[in-house]
Amino acid sequence: MGRKTKRFGMLLVLLGAAGVAGAMALSHESSCPTPAASPNASDTTGALVYTYRCYGGPEVLHLTSIAAPTPADTEVLVRVRAASVNPLDWHFMRGKPYLMRVVSGMGAPTEERIGADFAGTVQAVGARVTQFRVGDRVFGTRTGAFGTHVIVRENGAMAHMPDSASFEQAAAVGVAATTALQAVRDQARVRKGQRVLINGASGGVGTFAVQIAKIYGAHVTGVASTRNVEMVQSLGADRVIDYTKDDFTKGAERYDAIVDMVGNHPLRALDAVLAPGGRMIIVGGPNDNAYLGPVTRVVTAMLAAPVLTGTFISFTANENKADVAMLREWMQRGALRSVIDREYAFAELPAAVAYQEAGRSRGKVIVKMP
Ligand SMILES: NC(=O)c1ccc[n+]([C@@H]2O[C@H](COP(=O)([O-])OP(=O)(O)OC[C@H]3O[C@@H](n4cnc5c(N)ncnc54)[C@H](OP(=O)(O)O)[C@@H]3O)[C@@H](O)[C@H]2O)c1
């Protein structure tokens, strides 16, 4: 064996060892500290929040009592009345795919609070806050929404609730509707008269995406199972394909944009049903790869780009005030509504997260605070 071949062999062994060490570090899980006894979920005297101090299933979520937070000068304290559950909550809870632990914490979560979408009333405002007053009904997105109180920056992703919306309807909006808005408007760039397909039309993101694509004047095809066909039609879809009977990638129809929450079709098959210049938006994908999860599909799309004719795009939603305000306006004039599947009591929050994780929700899963 030549010296160069030996060196190359050594390099491969070192790279392999580094890869194994990296994979072990990413998947390592610290043991769970014993939590203090849970307070009563209906006790409204202080602030109650769900926290988690290790990765795992819904059993790692514990109700904890904390000192009532005080807003800083440019912050608002919201008394949360309802929250909604998103896939991102159980991704954080489990620390999966493992790759996300680079951000969420190696071995154990660095942020103890969980939850994103909330609706409630303003309980206190900082000295320099001008846009909100005590008693205002507000909704939006902020880490720690699974609690009775959350602190939000005045310029954070929060707006006044539409007049006629309930706390449950407003709490449903957050991440799912913002993702749908950014997928349809910014990534798919949907214009009047275009043909748009929403794969996963009955889920949290999909129910909003169907309505938003209609607001932008598209001809909308939703893909859902038999039990959800009528519901997706009621959201304004021009056509609904029942995926238990038909495969849209085998049909004759061509789409200017596909917004895909499911990731259950090969990229080549999706490419084949895109119209010339068509855009395929990867919002979600399968979770079967423990290390990369949906990122696998994103990487595959990047590698396959030279042989695909359409534009394949993946993106991560960016929660912001302007988009929450836009969603609020549409709700206010009746163009957008939340679809609520189930409502859980605060004490049942771990069950709500487990139900969302099962992947069969019709619209959104809500948790009501006491
Ligand atoms: N990129 C981002 O920034 C971003 C943001 C938010 C969410 N996401 C991702 O987007 C995905 C969707 O999120 P979500 O909140 O909408 O999830 P979800 O509410 O849990 O979606 C559940 C829905 O998906 C439907 N579904 C399951 N298999 C299907 C199939 N083969 N064809 C069509 N529909 C199917 C289910 O209907 P049936 O039970 O009838 O099958 C159910 O109604 C997730 O992977 C999430 O992680 C990404």
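Under 10 Å, Cα contacts only: if you run a Gaussian network model on the chain, which one of His62, His149, His28 comes out with the highest mean-square fluctuation?
Residue with maximal mean-square fluctuation among His62, His149, His28: His28.
Could you compute the FRET efficiency for Ala335 and Thr45, with r as their C-beta to C-beta distance and R0 at 41 Å, rounded to 0.05?
Efficiency at R0 = 41 Å is approximately 0.50.
Please report the antiparallel percentage of DSSP beta bridges with both residues in the chain, rounded to the nearest 5.
That works out to approximately 55 percent antiparallel.
³J(HN,Hα) across region 163-169 via Karplus (A = 6.51, B = -1.76, C = 1.60, θ = phi - 60°), whole Hz, x for Gly/Pro?
For region 163-169, the Karplus-derived couplings read 3, 8, 7, 7, 4, 5, 5 Hz, x marking Gly and Pro.
Let a ≥ b ≥ c be the square roots of the eigenvalues of the Cα gyration tensor of region 243-370; is it rounded (a/c under 1.5), or, if not, prolate (a/b larger than b/c) or oblate?
It comes out prolate by the Cα gyration axes.
Using just the Cα positions, wrap the chain in a convex hull and report its mean projected area in square nanometres, one decimal place.
22.2
Choose one answer from Met280, Met261, Met326: the residue with the largest mean-square fluctuation in a GNM of the chain with alpha-carbon springs under 10 Å.
Looking only at Met280, Met261, Met326, the largest GNM fluctuation is found for Met326.
Through the Karplus equation 6.51 cos²θ - 1.76 cosθ + 1.60, θ set to phi - 60°, convert the phi angles of region 220-227 into ³J(HN,Hα) values in whole Hz; use x for Gly and Pro.
10, 10, x, 10, 8, 8, 3, 5
Does region 222-299 classify as rounded, prolate or oblate by the C-alpha gyration tensor (a ≥ b ≥ c root eigenvalues; a/c under 1.5 gives rounded; else a/b over b/c gives prolate, otherwise oblate)?
Cα axes put region 222-299 in the oblate bin.
What is the set of long-range amide H partners of Ala275 at a cut-off below 5 Å, with H atoms built 1.01 Å from backbone N?
Amide H neighbours of Ala275, under 5 Å, 5+ apart: Tyr255, Asp256.
Cβ neighbours within 10 Å, averaged per peptide: list 301-314, 229-242 in order, most packed at the top.
Order by mean packing, descending: 229-242, 301-314.
Would you mind computing, in nm to one decimal, how far apart the modelled labels at Val299 and Asp242 are, each placed 7 Å from Cα along Cα→Cβ?
Output for this residue pair reads 3.9 nm.
Multiplying the sequence separation of Lys250 and Ala325 by 0.36 nm and subtracting their Cα-Cα distance, what value in nm do you get?
23.1 nm
Please calculate how many Å² of accessible area region 76-187 carries per residue, with a 1.4 Å probe and no DNA, RNA or ligand atoms counted.
I get 34 Å² per residue for this part.
Of the candidates Gly293, Gly193, Gly56, which one comes out as most mobile in a Gaussian network treatment of the chain with C-alpha springs shorter than 10 Å?
Top of the fluctuation ranking is Gly193.
Report ³J(HN,Hα) in whole Hz for each residue of region 70-85, in order, from the Karplus equation J = 6.51 cos²θ - 1.76 cosθ + 1.60 where θ = phi - 60°; Gly and Pro get x.
10, x, 6, 3, 10, 10, 10, 9, 10, 8, 6, 10, 8, 9, 10, 9
Give me the accessible area per residue for region 278-370, probe 1.4 Å, as a whole number in Å².
Ligands and nucleic acids excluded, the figure is 47 Å² per residue.
With the cut-off at 1.5 for a/c, could you classify region 176-314 from its C-alpha gyration tensor as rounded, prolate or oblate?
Rounded.
Pairs of Cα atoms under 8 Å, at least six residues apart: use those to get the relative contact order of region 176-314, whole percent.
21
Given 0.36 nm per residue, what is the gain on full extension from Thr316 to Cys32 after removing their alpha carbon distance, in nm?
That pair, Thr316 and Cys32, stretches by 99.2 nm at full extension.
Any idea what the relative contact order of the chain is, in percent, if you count C-alpha pairs under 8 Å spaced at least 6 apart?
Relative contact order here is 18 percent.
Rounded to the nearest 500 deg cm²/dmol, what is the calculated helix-only ellipticity per residue at 222 nm for the chain, with -39500 (n - 2.57) per DSSP H run of length n ≥ 4?
About -8000 deg cm²/dmol.
With a Förster radius of 45 Å, plug the Cβ-Cβ distance of Ile66 and Arg185 into 1/(1 + (r/R0)^6) and report the FRET value to the nearest 0.05.
Result of the calculation: an efficiency of 0.75.
Assuming R0 = 25 Å, can you tell me the calculated FRET efficiency for the pair Glu348 and Asn155, based on Cβ-Cβ distance, to the nearest 0.05?
With a Förster radius of 25 Å, E is 0.15.
Quantify, in whole percent, the carbon and sulfur part of the accessible surface of region 240-338 (1.4 Å probe; protein heavy atoms only).
Of the solvent-accessible surface of region 240-338, carbon and sulfur hold 57 percent.
The values are calculated or read from the model by the stated rules, or taken from the named source; none is laboratory data. Predicted, not measured: the structure shown is a model, and the values here were computed from it. Note that we place each Cβ from the backbone using ideal geometry, even for glycine, and neighbour counts take in every protein chain shown. All accessible areas refer to the heavy atoms of the entire protein, side chains included, with ligands and DNA or RNA removed. Shrake-Rupley method; radii C 1.70, N 1.55, O 1.52, S 1.80 Å.
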